[in-house]
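Since the structure comes first, as structure tokens, the remarks are kept for the end.
The values are calculated or read from the model by the stated rules, or taken from the named source; none is laboratory data. Remember, predicted model here, so these are calculated numbers, not experimental data. Ideal geometry is used to build each Cβ from the backbone, glycine not excepted, and the neighbour counts take in all protein chains shown. Surface areas here come from the heavy atoms of the whole protein model, side chains and all, with no ligands, DNA or RNA. Shrake-Rupley method; radii C 1.70, N 1.55, O 1.52, S 1.80 Å.
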Amino acid sequence: MSKPVDYDAPRRPAVEVEDDSLEELKARGAASQSARVDLDEAEAAENFELPGADLSGEELTVAVVPMQPDEFRCARCFLVHHRSQFAAQPDGREVCQECS
């Protein structure tokens, strides 16, 4: 039967893992766990934006690529798909395979 593996612990070669005794593992686990408080909480909170935040001063720069000749716009989901996703409809509308 194999020993339990702590997936949160740093990786070591399998040869070293097999040589560890239970007492060594317990001592190493107790030493690696400490009751430290994350002191960077204030800094993390500054970078976090709440939903509904005022973004009126922000400017987005996105390159808009026009629809290519081998693409179509689905009449149901309004997404642009490649022609390989086209599913013919009897009413003549262009619909993707997911929506058909």
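Entry remark, region 5-50: residues being in a helix (DSSP H, G or I), at pLDDT below 65 and open to solvent by less than 100 Å² (accessible area, probe 1.4 Å) number 5 in total.
Contact map, region 49-76: first residue on the phi < 0 side of the Ramachandran plot, second residue open to solvent by less than 100 Å² (accessible area, probe 1.4 Å) and among the acidic types (Asp, Glu), Cβ cut-off under 8 Å, separation 6 or more or different chains; pairs are PHE72/GLU94; ARG73/GLU94; CYS74/GLU94; ALA75/GLU94.
With respect to SER84, is the statement that it is open to solvent by less than 100 Å² (accessible area, probe 1.4 Å) and at pLDDT below 75 true? In short, no.
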